[in-house]
Structure formats: structure tokens, C-alpha cells
1. Work out the mean other chain Cβ neighbour count within 10 Å for the residues of B:385-393 and drop it here as an integer.
2. Hey, with R₀ at 30 Å, roughly what FRET efficiency would B:Glu327 and B:Ala239 work out to, going by the Cβ-Cβ distance, to 0.05?
3. What list of whole percents do you get for P(r) of the stretch A:113-267, with Cα-Cα distances grouped in 5 Å bins up to the one holding the largest distance?
4. Using a 10 Å cut-off on Cβ to Cβ distances, tally the other chain neighbours for every residue of A:165-176 and report the average as a whole number.
5. What does the highest-first list of A:17-23, A:246-252 look like by mean Cβ count within 10 Å?
6. Roughly speaking, what is the stretch gain from A:Ala134 to A:Ala19, that is 0.36 nm per residue apart minus the C-alpha to C-alpha distance, in nm to one decimal?
7. Using the Cα centre of chain B as the reference point, and only Cβ charges (+1 on K/R, -1 on D/E), how large is the resulting charge dipole? Debye, rounded to the nearest 20.
8. Under Stokes-Einstein, with the Kirkwood radius over Cα pairs standing in for Rh, what whole-number D in µm²/s applies to the stretch A:34-136 at 25 °C and 0.890 mPa s?
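The numbers here are math on the coordinates, done by the rules we state, and not lab data. All values reported here derive from a predicted model rather than from experimental measurement. Here the Cβ positions follow ideal geometry from the backbone for every residue, glycine too, while neighbour counts run over all protein chains shown.
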Amino acid sequence: MMIGVAQTVLGRISVLVVASIIVFALLAILPGDPATVMLGLDASPESIAALHHQLGLDASPVTRYFRWVVGLFHGNAGTSYVYDVPVSGLILERFQSTLPLIIFATCLALLIGLPIGSIAATRRGKRLDLALMALLQLLKSIPDFWLAMMMTFLFSLTLQWFPAGGFSGWNHGVFSALRALTLPAVALAIPQAAIIARFMRSSLIDTLEQDFIRTARAQGYSRQGVLWRVALPNAVIPVLTLIGIQLPVLVTGSIIVENVFNIPGCSKLLLEAVNQRDIPVVQNLVMLIVAGVLVLNLFLSLIIRWLDPRLAGSDA
Amino acid sequence: MKSSSVLIVLLGLGLASQASADPRDTMSIGVSIEPPGLDPTRTPSEAVGTITYNNIYEGLTRLDRDGHVQPLLAREWTVSDDGRVYHFTLQDNVRFHDGSPLTCENVRFSLLRAGAANSTNPDRNFFTNIADIACLDASHADVTLKKPHGSFTYELAWNDASILSPVSADKNVSHPIGTGPFRFEEWQRGDHVTLARNPDYWGKAPLLKTVTFRCMPDPLAASNALLAGELDAYPSFPAPEVLSRFIDHPGIRVVRGTFPFKAILALNNARRPFNDIRVRQAIAYAIDRKALVQAGADGEGTVLQSHMAPNDPDYVSLPDRYSYDPEHARALLKQAGIRPGTQITLSYPPITYARDTSEIVAAYLEQVGLIVTLQPLEWPAWLGQVFGQGKFDMTVIAHTEPHDIGIYDRDTIYFHYKNPEFHSLFEQYEATDNPEERHRLSVAMQDRLAQDEPNVFLFSRPRDTVMNRHILGLWTDQQIAACPMADVSWAP
């Protein structure tokens, strides 16, 4: 077990190193120069050269790569070209909306997806199952930006239950912050909920057909008892893996949702930073997302090992 | 019981925060891009100008909404007979937001810093002509130029010529300090910048207590916020196609104004075949520019004949030398030895007008036998490749700086235009500060460009401001990126 975990952790670290090289190289070969972006259409070549020097862009790519990585080991992620403030503070500030948004959306997706999937599985082939499956297919097909637009139109402009966009932080009260995050979280959660529900349905159907279910029934468990105590805990395991796989999808989805709802989150920061060639922000943010996905997967695989000891030998 | 009382408290917090400020002395203004810092001496970004120009920072002079130079921190000035020495008298009782007084030393510091060898000021070349600044006393500054420069007081009105304090200048990116009617209050990056009335302002006190500039790049999110009343105004609304949402709204009006928007089809004058004037003329004849105007922005706009926008005080309506004539275009191309089927590339940045115009232009050029490859570029890539290195055949771009005909005299301009006659006209123009003489020379420069057609001058477009009907004093016309808020108020 311990060796397995150590192997997994080492594997993840090597992924991080490779990712850092790819991210840095991609940004280095990307056309566009941060200095010309900042200084605009009127800039003189002397001003551009002076800014290059100020930003350290006149060093070789290899030097710049090691400067970045060594800085990271010292806990220094560098300074944003555009804002001239430490990248870490900038990202931390934006995390205050993105992290709650993604957690909120994941919880909503689970709260909606798991029950619907379970109900559909237990009514397999019945009319309710067919209706739910058709609904899920529809929800899964809705693009999140369209859903976001329609929800704003209905709930903000017509009913005025929620603000039309923006997020002014947690200082103005938890309630108003959550209210501002509700529509974006729903827009992000609904396609995810549809995927989770379909997955949960097939996973539960598979489980219910296993021999140990029949054994449990034969031992005298009631149909409901088998479902709650035996079938559901087993069926949920693959769904946990799915959440790990879907996290990057949530992050990319949040780029669109944060823009439509004008939420100053990490994804919006990432898009702006790419457009302005704020390289320190882009490379650190992308690394953070890679690390986040790896850590979440590691965490989930540990939970799954704990839930299902048969998997202890393999890298789940 | 317990959880419901928590909910009530939370509800109360939410409501209290909404009702805390009197809505009539605050205003929220939408901007389409996040400001890259709040230091205008570091970037010409439109967002920085909109938020800071004459709100936070002030220069010796300022431009009014029609583009005329007015006194600001310099109460008055005289110019020596040889046009080289400017004698400025500063306003009295001016203090920076940190409490320090404005003296001649601040003028000296700010203008010399802008022209210094390591300066990253986007308009550094404005300031390298300054030979010396002498401080006779705290309220008088004598600026000596290396050679006479008639546009000097005009250039001093730009945001990157703002007068700063040496204590705070390097921290202005995140903590701007100026002498303006509003103080910087907070910046939540990606969301909003809040300014508060400066109680110690030397001039007329601003009418609003606070102004919040909210960054709303998505036109849909912005129009939602305007319709929901979360935004009071949006100058330079970026998407004409969304404007129809406001037509029937009783509380919102859309005002069509002017700004120095000059869309051009820039041609690489250093590259074959564009170094041949007949080819440039042929391209101009091949494009129906009236139809281009009709195709965009509800058909509003003006066909341009030279590099000058109709709202510029020096603008003259020149005759249309290149009205649509594809036959003539084909003949000119034949004369120049350009065979049908010649391949050229048209690069464009990711902006709606540039993409739409490029597609139409490509179709027109194919009708006279050229084969056009459209090359969409991301904004930084366009700036790097086309603007920075001048590596392109043709590109569609709008120049929005005011009165920038001088770029045709630059050694390092991306379209590589060089013309001795234009150069001599520009030298004469900058050598004088006589207004009539300058106007005459400006017209001569416009005419020179119209004949030479270094680029195909396409069209100018209006600028739409969406705003609450009860707002008074907001600029709907402008020459430079600015949204001065000192005179803006709510109708009683």
C-alpha cells in the first residue's frame, strides 16, 4: 500500500515537471511580445527595449525557465507584467470566487445528478426512467454559455431574483456573495449533473446485477436495504473517479461562465493574462490548475482505495 | 430555529450592503477592458485613460471634448519668439492626493522622467525634445526645447504627460496618486476601480461622491447590467448589434458621438508589389468604401480620404480621388505588371470591425484578380508581427489616437512609408505654433497622403454611449480615451 502511494506521488511530481516545461515552451514560442502589448500602437522601439529589460525578457529562454522554477521553490511565483504586483497575491484574490464557484457547482451537480441517476436505475426501462434519460440528454447538450444567458434573462432581468453579474467579494456579506454565485454555479452544474446522473445510472444498474446483490437478497435484506447499504456505496466509486476527470472540464467551463456573469475569478484572469501576454500569471495559473487536478485525483484515488481495498495494488 | 435566524442575519447583511449609499451621488461606469495597471506613463490602454484622465491625474494642459487645448495645472503660459522656451505659470494651492504640494520640481521630474533613456513611456518621443526645465520658483517652470515643436502644449495634454510626485510615481500602477478631482479608493482586479471625491481639490469640487468603473468585456453581460440598473453608463459600447436591446427601455438612452476612429487598409510600402504607387492606387479603386460604411455600424460613418478623423479641428473634406472603379483598378495592375492570380495576405486582429472589413475587402480584391489569403491574428500576435516587426502584406486596423498624422513621418512605422515631401511639410508644421499656418500645413499633409495613398483610408465610425437618461455632463464626444467625471451629475 505505502509503496503504491509513493509510486503514485512520484508519478504525479514527474507529470508536474513535464507540464512546467511544456507550459513554458508553449508560452515562449507563442507569437506576441508582452512589451508591445503593453505599450500599444504608438510605442517607440526604445521604450519597448527599455520595458524588455525591465521585465527581464532580454535573458535567454533557458535562464528565464530556471529563474521561474527556482523562484517557485523559494515560494516566489514572480511579478505580473501587467499589474506589477506579486502573482501569488493576484491568484489568491481571484481564488476567492473561483474556488467557491467550482465547489458550489460540484455540490449542486452531485445533489442533482446522484439522486436522478439512482432513481432512473431503480426504475430501469419504466416510463420515469425514459423521461429522465431524455431530459438528461437535453441538459447535457445545452451549451453552458447559452444556459447562462437564458438564466440571466429569466432570473435577473425578468424576475430580478439574482444580480445579472459581477461578484464583489465576501466582504459585503456571505449571503450576497452566495447569491451572486448561484446562477453561475447552476449554469456550470447542470451539464455536469447530467453526466453524473447518466454515469450513476449505469453504474448502479451494473452493481444491481452483481452476484453479491443476489446473495444479500438471499440473506434476507429487503430490496431497499440492499440498495442503500450494499448497492449505492459500490456504485458511487466509479462516480468519484468521474469527478476527478471532470474537474478540468469544470475549469474550462468556468472560463465561459465567469465571462458571461462577469465574475472576477481565476478563469477570467487566465483569459485576460493570455490576451495581454502576462506570462508569469499564465504559467503559474496553468501550473496551479495542473497541480489541482493531480492532487484531487490523488485524493480521490486514496478514497477509492479506502472504499475498495481490492484496488490497493493498482494505480486507480 | 437556529439556522433560520442565521439566515435572517445573512439576509439583513445582504440588504444592508445594498442600501448603504445614497444612489444619487454615486455612479457606475462600464469599461470594456480591464485596466493593465493605473499608470498612464506605462501603457496607452484605453481603460487607463478612461479611468484616470483628469479624474486622478492632471497635466499642465488638458484637451476638451472637441480636441482643443485648455489650461489645467498650468494656469497660463507664454512662448519665446524662437518657439523654443515655454514659460508656464502653475495653479496655486494644488496638492497631490498624499498631501504634498505641487511645485515646479514635480513638472521637472515628470517630464524629464518621461523622456529619460530608460523610460517606458509609450510616447517617450514627445519628451526627448526637451533640453532643460528650469525652476525659477515653486510656481514657474521654463521648459526649453531642443527644436521648436508646435504640438508641444497639445502633447502635454495627453495622459502620459501627467504631472506626478517623485514619491509615488513608481507605485502608480497599483496606488495611483495625482492632483485630480478624484482620489483612488480601491481596485478589485477584474471587477472594479472605485474613485472618491477629493475634498482638497484645487478647482471646482466634483459633484459625485464616488465613481465606480466596472470592467465588463462581455457585451451581453454589460447590456444585462445596464438593463438591470447595476451600471449607470457605458461609454464606447463595444457591440452595435446589442444596442437594439435598449431602444424600448424608458430609462436608458443611446447617444451617438464622435471619436478619432480611422480605419485603414495598411499596406506594406517596403514590400513588393505595394512599393509601386500604381498597385496601391489599384487597390484603392478596387474597394467600394461607401459600401463598407453601409455594411457596418447601422450604415453610420464617413468615408475617409486621408489619415484624419472628421472630428479633428484640422479635418477637411477632400475630394474622393479613388471612387469605386474596378475596371481602372485592373488596368493599373496590368500596367504595374501584376498578373491576375497574384497571391497576397491580409492579416487582421480579432476585433469585429477588422474581421468584417477584411472579409469584404478580400472579396473586392478577388474581383480585380488578386488572390487574398485571410490571416486572422490574435491581438498580441498582431501587435508583435504586424505592428512590431512590420512583417505583413496588408492589414485592416483602426488608429484611434487623436491627430496622429505624424506617424507617417516616423522612421519605424509598420507600413514603412517614406516621402521627402511629407517629411518637409511635417517639419514645417512642427516648427511653427501659429494656428492658421499649422492648419494650412495640416491640410497640405492630409492632401499629400491622399495623393500618395500609402494606405487605403477606409472609414471613420461613430462611438455609442449607453447611459441612464438622468445623467448630466458625461462626454459622448472625445478626442482621447477619457471619461472626466468632475462635472458629471444626476439630474435633480
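1. Values: counts 4, 0, 4, 10, 3, 0, 0, 0, 0.
Counting Cβ atoms of other protein chains within 10 Å of each residue's Cβ and averaging gives 2.
2. Working: r = 38 Å, r/R0 = 1.26.
It comes out at approximately 0.20.
3. Over the stretch A:113-267, the share of Cα pairs per 5 Å bin runs 2, 9, 15, 16, 15, 13, 11, 9, 6, 4, 2, 0 percent.
4. Values: counts 11, 11, 3, 6, 2, 0, 2, 6, 10, 5, 11, 8.
Mean partner-chain Cβ count within 10 Å for A:165-176: 6.
5. Details: A:17-23: 14.1, A:246-252: 16.3.
Packing order, densest peptide first, comes out as A:246-252, A:17-23.
6. On the way: separation 115, 0.36 × 115 = 41.40 nm, distance 3.95 nm.
Roughly 37.5 nm would be gained on extension.
7. On the way: 44 positive and 60 negative charges, 180 e Å.
Roughly 860 debye, rounded to the nearest 20.
8. Numbers: Rh = 18.6 Å.
Rounded, D is 132 µm²/s.
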